[in-house]
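Notes for the one structure printed next.
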Amino acid sequence: MLRIATIGTSPITENFIEALGANDRAAFVGAQSRDAERAHAFTQKHGGERGYASVEELAADPAIDAVYIGSPNACHAPQALALISAGKHVLVEKSFCSNRREAQEVFDAAERANVVALEAMRPLHDPAYYQFKDALEQIGRIRRATIRFGKYSSRYDDILAHRHTNIFDCNMASGGLMDMGVYSVEPMIDLLGAPETIAFAPIFIDAQAQDITHGPIDAAGTIMCTYPGAVATLHYSKFTQDFSPVQIEGERGTITLDSISMPSHMRIDMMGVAVRMAARTRASSGSTEEMDLPQTDNSMCYELADFIHAVEQTQAGTPAFEATCGAHGTMAHFRDLTLATMDVMDRARAQAGIVFPADRTGTQA
């Protein structure tokens, strides 16, 4: 039985604890918050044993095997490093760190300590995503991909009211790209690999709010990524609602997916034989197949199960990054996806002039 604590008391942490409660291979011990009373109240609410007032207190508890880190992005690296140094396995909410350099530091520390360090990136552990991915071989060589994820955040209401929120704060390494855009970037890299070039077109929070965002920060944007013989466009937003589907276009057909974050439906349109006729559309004997994808009430259960699987293998003697992370790759595979994703987002932010404190200084554990 893996004994797991959490850092953070946000709704996403509550969702994680819900998934944890449904897994018979792990148990929730308690939560850490800077506010000791909040940590104890949150722990009691969710049936845990004790709250923790500091990361140091949590790291020192020998009863804890692993920690889910659901704090703001800027806190991920120092918290993960402190926990890893105490021998704890860590499941770190996306985005994994403020930048690639921090992510590399965390993974290097995890390798030295032989503990699991995994990004909690839900789609990459979802059976629905892998059913979609397996279907790609049907459509031939991929030429264009459009991956998008956008929904209105209630935290933007805070910005409109000129109230500070961690979700739009350079000091917290947040913003639209880091919170929403990552849902497009990481699957793109999983499907197509790292791009040759990128061009980033962000939409910034109004400049009048920079006293509470602590610098230019994005709410939405588009990234164009080029590959040999292919192009991908990534779209994200935290202050509008995006209802358009994901589309992957191959030379033999096109796959449309209703959502990249929690896919539930897929359509495969296979091309027939194109006929050249003046002033008329092509004739085709193509086919269309529609299918519902596997669903669950809380898809965090999949990343949790894969994390536990990797930890159990490591505890049994397998080197941490050689351990399989569920059925879809080793820990090294998921580490490399995270690093390549952080690299693309670093490059995008550099083009836009979005700067986080960790871009200027080294990580301090």
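First select every other residue whose beta carbon is under 9 angstrom from the beta carbon of Gly326; then total the charges, Lys and Arg +1, Asp and Glu -1.
-2
With a 1.4 Å probe and every protein chain left in place, tell me how much accessible area Cys325 has, in Å² to the nearest 10.
Solvent-accessible area, nearest 10 Å²: 0 Å².
Considering the options Val273, Ser33, Cys301, tell which one lies farthest towards the positive end of the dipole of the chain, charges being +1 on Lys and Arg and -1 on Asp and Glu at the Cβ, about the Cα centre.
Most positive-ward Cα: Val273.
Over all Cα pairs of the stretch 1-142, how is the pair count split among 10 Å bins, expressed in % and running from 0 up to the last occupied bin?
12, 40, 30, 12, 4, 1
At a Cα cut-off below 25 Å, give the lysines reachable from Lys88, other chains included and same-chain residues fewer than 8 away excluded.
Within the straight-line cut-off, Lys88 pairs with Lys45.
Express in nm, to one decimal, how much length is gained between Asp206 and Arg143 on full extension, taking 0.36 nm for each residue of separation and deducting their alpha carbon distance. Write out the running numbers ahead of the final one.
Details: separation 63, 0.36 × 63 = 22.68 nm, distance 3.58 nm.
My answer for the length gained is 19.1 nm.
Ignoring ligands, DNA and RNA, how do Met121, Met1, Met224 rank by accessible area with a 1.4 Å probe, largest first?
In descending accessible area the options line up as Met1, Met224, Met121.
Provide the FRET efficiency to the nearest 0.05 for the Asn15-His164 pair, computing r from the beta carbons and using R0 = 25 Å.
Step by step, r from the Cβ atoms, then E = 0.55.
Please give the Cα centre distance for the stretch 164-210 versus the stretch 89-163, rounded to the nearest Å.
11 Å
Using C-alpha positions alone, give me the convex hull volume of the chain per residue in cubic angstrom.
So the per-residue hull volume is 146 Å³.
Show Thr338, Thr240 ordered by accessible area, largest first, where the area counts protein heavy atoms only and the probe is 1.4 Å.
Working: Thr338 5, Thr240 70 Å².
Most to least solvent-accessible, the answer reads Thr240, Thr338.
Can you list residues from other chains, or at least 5 along the same chain, whose modelled amide H is less than 5 Å from the amide H of Thr330?
When sequence neighbours closer than 5 places are left aside, the close amide H contacts are Cys325.
What is the distance, in nm, between label points placed 7 Å from the Cα along the Cα-to-Cβ direction at Asp134 and at Glu49?
Modelled inter-label distance: 4.0 nm.
Tell me the label-point distance for the pair Ala327, Leu191, using the 7 Å Cα-to-Cβ offset, in nm and rounded to one decimal.
With each label point 7 Å from Cα toward Cβ, the separation is 2.1 nm.
Can you give me the distance in nm between label points at Thr226 and Asp242, each placed 7 Å from the Cα along the Cα-to-Cβ direction?
Taking the simple label geometry, Thr226 and Asp242 are separated by 2.2 nm.
Taking just the C-alpha trace of the stretch 1-79, give me its Rg and Dmax in Å.
Taking only Cα atoms of the stretch 1-79, I get Rg and Dmax of 11.3, 32 Å.
Report P(r) for the stretch 115-253: all Cα-Cα distances, bin width 10 Å, range 0 to the bin holding the largest distance, values in whole percent.
11, 37, 31, 16, 4, 0
If N is the number of residues in the stretch 96-180, what value comes out of its Cα radius of gyration divided by 2.2 N^0.38 Å?
Details: Rg = 18.0 Å, N = 85, 2.2 N^0.38 = 11.9 Å.
So the stretch 96-180 has a normalised radius of gyration of 1.51.
For Tyr52, which sequence-distant residues (separation of 5 or more, or a different chain) have an amide H within less than 5 Å of its own amide H, given hydrogens modelled in the peptide plane?
The answer is Ala31, Gln32, Ser33.
How many angstrom lie between the Cα centre of the stretch 1-36 and the Cα centre of the stretch 211-233?
32 Å
Residue separation times 0.36 nm, minus the C-alpha to C-alpha distance between Arg101 and Asn171: what's the value? Walk me through the intermediate numbers first.
Values: separation 70, 0.36 × 70 = 25.20 nm, distance 1.67 nm.
The Arg101-Asn171 span can extend by a further 23.5 nm.
Taking the stretch 175-230 as the region of interest, what is the percent of Cα-Cα pairs per 10 angstrom bin, listed from the shortest bin to the one with the maximum distance?
Over the stretch 175-230, the share of Cα pairs per 10 Å bin runs 22, 44, 24, 10, 1 percent.
What list of ³J(HN,Hα) couplings, whole Hz, do you get for the stretch 295-301 from phi and the Karplus terms 6.51, -1.76, 1.60, once you set θ to phi - 60° and write x for glycine and proline?
10, 8, 5, 9, 6, 5, 4
In whole Hz, what ³J(HN,Hα) sequence does the stretch 177-186 give by Karplus (6.51, -1.76, 1.60; θ = phi - 60°), x for Gly and Pro?
Each residue of the stretch 177-186 in turn: 4, 6, 9, 10, x, 4, 5, 8, 5, 5 Hz.
Using only the alpha-carbon atoms of the stretch 287-365 as identical scatterers, what base-10 log of I(q)/I(0) does the Debye formula give at q = 0.19, 0.24 Å⁻¹?
The Debye formula, applied to the Cα set alone, gives -0.94, -1.03.
For the chain, what does the helix formula give at 222 nm: sum of -39500 (n - 2.57) over DSSP H segments with n ≥ 4, over the residue count, nearest 500 deg cm²/dmol?
-10500 deg cm²/dmol
Name the lysines eligible as straight-distance cross-link partners of Lys238: C-alpha to C-alpha under 21 Å, and not fewer than 8 places from it in the same chain.
Lys94, Lys151
List the residues, sorted by chain then number, that are 5 or more residues from Gly250 or on another chain and whose placed amide H is less than 5 Å from its amide H.
Arg143, Ile255
Over the stretch 234-276, with every protein chain in place, what whole percent of the accessible area is carbon and sulfur at 1.4 Å, could you tell me? Let's see the in-between values first.
Working: 1120 of 2070 Å².
Here it works out to 54 percent.
Each residue of the stretch 198-215 in order: what ³J(HN,Hα) in whole Hz does its phi give by Karplus 6.51 cos²θ - 1.76 cosθ + 1.60, θ = phi - 60°, with x for Gly and Pro?
Result, rounded to whole Hz: 9, 9, 10, 10, x, 10, 8, 4, 3, 4, 5, 9, 5, 5, 9, 9, 6, x.
Grab the beta carbon distance between Glu57 and Met1, set R0 = 22 Å, and tell me the FRET efficiency rounded to 0.05.
Values: r = 22 Å, r/R0 = 1.00.
Given R0 = 22 Å and the Cβ-Cβ separation, E is 0.50.
The values are calculated or read from the model by the stated rules, or taken from the named source; none is laboratory data. A quick note: this is a predicted structure, and the numbers were derived from the prediction, not measured. All Cβ positions, even for glycine, are placed from backbone atoms using ideal geometry, and neighbour counts span all protein chains on display. Side chains included, ligands, DNA and RNA excluded: accessible areas come from the protein's heavy atoms. Shrake-Rupley method; radii C 1.70, N 1.55, O 1.52, S 1.80 Å.
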